[in-house]
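Structure record follows, encoded as structure tokens.
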Amino acid sequence: MYDSPPEGEIRFEFSSSRSYQREIRRCNLCGHFISIHDMDVGTLYNNDYVSSNYQDQGGIARAFKRIISLPPSQSDNAGRVQRILDFSTNHFVHATKNIVLSVLDVGSGLGVFPYKIKEAGLDCTALDPDVRSVRHAREMVGVKAIHGDFMEIQDIGQFDVITFNKVLEHVENPVNMLAKSLTHLNRGGFVYVEVPDGESAVVEGPEREEFFIDHPHIFSLTSLSLLSIQAGFSVQAIERIREPSGKHTLRVFLKTN
């Protein structure tokens, strides 16, 4: 039970305008966590999420530059990108060498992942509901970018790889979002998902950032596997890690059944 924001939690408009009351419940069978409250999240990711975290366009740029300048040993993103590149090498082993893989990054945010994926020679498209993040992706990151809600947007093409980097914990129905990626995935492609690991985080206490208010879902190894299956995928690799930032994270590689 929470009757005030834990230390470090961002104060969004929806969680600042009224009495702060919420609780987190855990499934006794699969270990999945859900956050329950009656505060109206509304259009958090269209505007307030970026405004509260980075203030403005300049704040996005400063955060981006800070993160991409980190040495690999201190960068969560460096490990993520390398893991995806290694998996791609094995997954697309029969692909023609001169083919450039296409990647769609859903909820691209600061654009640090598209930046490194582009640097590695892949063709990355960023998608985000906040127009400032999209402008940043185009102008500073230098990748193609789409402005819109992934659940509503239609004609965005097909991709060899679709990534959800710390995205599915932010939505009310992660099964539907993950399932929608099936319509945009090229035959033989794969999906990469990264989410907070509630099982590992809860050992360190309920004040951990994995349990902050912008996460309606916090996953377990079992619930992430079940999510993947319910969305129409088969699990190719799943693992839990402790990132350089200290975050407890689950990541999974998926292909179609």
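Every read-out reported here was derived from the displayed coordinates using simple, explicitly stated rules and does not represent laboratory data. Note that this is a predicted model, so its numbers are computed, not measured. So basically every Cβ, Gly included, is an ideal-geometry build from the backbone, and we count neighbours across all protein chains shown.
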Separation of the Q21 and E7 label points, Cα + 7 Å toward Cβ, nm:
2.7 nm
Hz values of 3J(HN,Hα) by residue in the range 170-185 - Karplus curve (6.51, -1.76, 1.60), Gly and Pro given as x:
8, 10, 5, 10, x, 5, 4, 5, 5, 4, 4, 5, 4, 6, 10, 9
What is the pair-distance distribution P(r) of the chain, computed from all Cα-Cα distances in 10 Å bins starting at 0, with each bin given as a whole percent?
7, 30, 39, 21, 3, 0
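Hey, what does the equivalent ellipsoid look like for the range 116-172, semi-axes from the Cα gyration tensor as sqrt of 5 times each eigenvalue, largest first, whole Å?
Details: eigenvalues 67, 40, 30 Å².
Three semi-axes, in Å: 18, 14, 12.
Quick check: residue separation of N47 and N173 times 0.36 nm, minus the Cα distance between them. What number comes out in nm?
Numbers: separation 126, 0.36 × 126 = 45.36 nm, distance 2.02 nm.
Gain on extension, N47 to N173, equals 43.3 nm.
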Sparse-neighbourhood loop hits (GluC sites (Glu not before Pro), the range 112-198; DSSP loop; Cβ within 10 Å at most 14 others) -> E152, E172
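Taking the Cα centre of the chain as origin, work out the dipole magnitude from +1 charges on Lys and Arg Cβ and -1 charges on Asp and Glu Cβ, in debye rounded to 20. Intermediate results must be reported in sequence, preceding the final value.
On the way: 26 positive and 33 negative charges, 181 e Å.
It works out to roughly 860 debye.
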DSSP bridge orientation in the chain - percent antiparallel, rounded to nearest 5
55 percent
Under 21 Å between alpha carbons: how many lysine pairs meet that in the range 23-256, if sequence neighbours fewer than 8 apart on the same chain are excluded?
18
Pick out the long, greasy-scoring helices in the chain: whole DSSP H runs spanning 18 Å or more along their own axis by Cα, mean Kyte-Doolittle at least -1.0.
76-91
Looking at F233, V103, I10, which one has the Cα that reaches farthest to the positive end of the dipole of the chain (charges on Cβ: Lys, Arg +1; Asp, Glu -1)?
V103
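For n ≥ 4 DSSP H runs only, could you compute -39500 (n - 2.57) per run for the chain, divide by its residues and tell me the 222 nm figure to the nearest 500?
Calculated mean residue ellipticity at 222 nm is -7500 deg cm²/dmol.
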Gaussian network model of the chain, Cα within-10 Å springs - most flexible of P71, P244, P174
P71
R22 long-range amide H proximity, modeled H, under 5 Å:
Y2
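Out of all DSSP beta bridges in the range 25-178, what portion is antiparallel? Express it as a percent rounded to 5.
Numbers: 2 of 14 bridges.
Bridges in the range 25-178 that DSSP calls antiparallel: roughly 15 percent.
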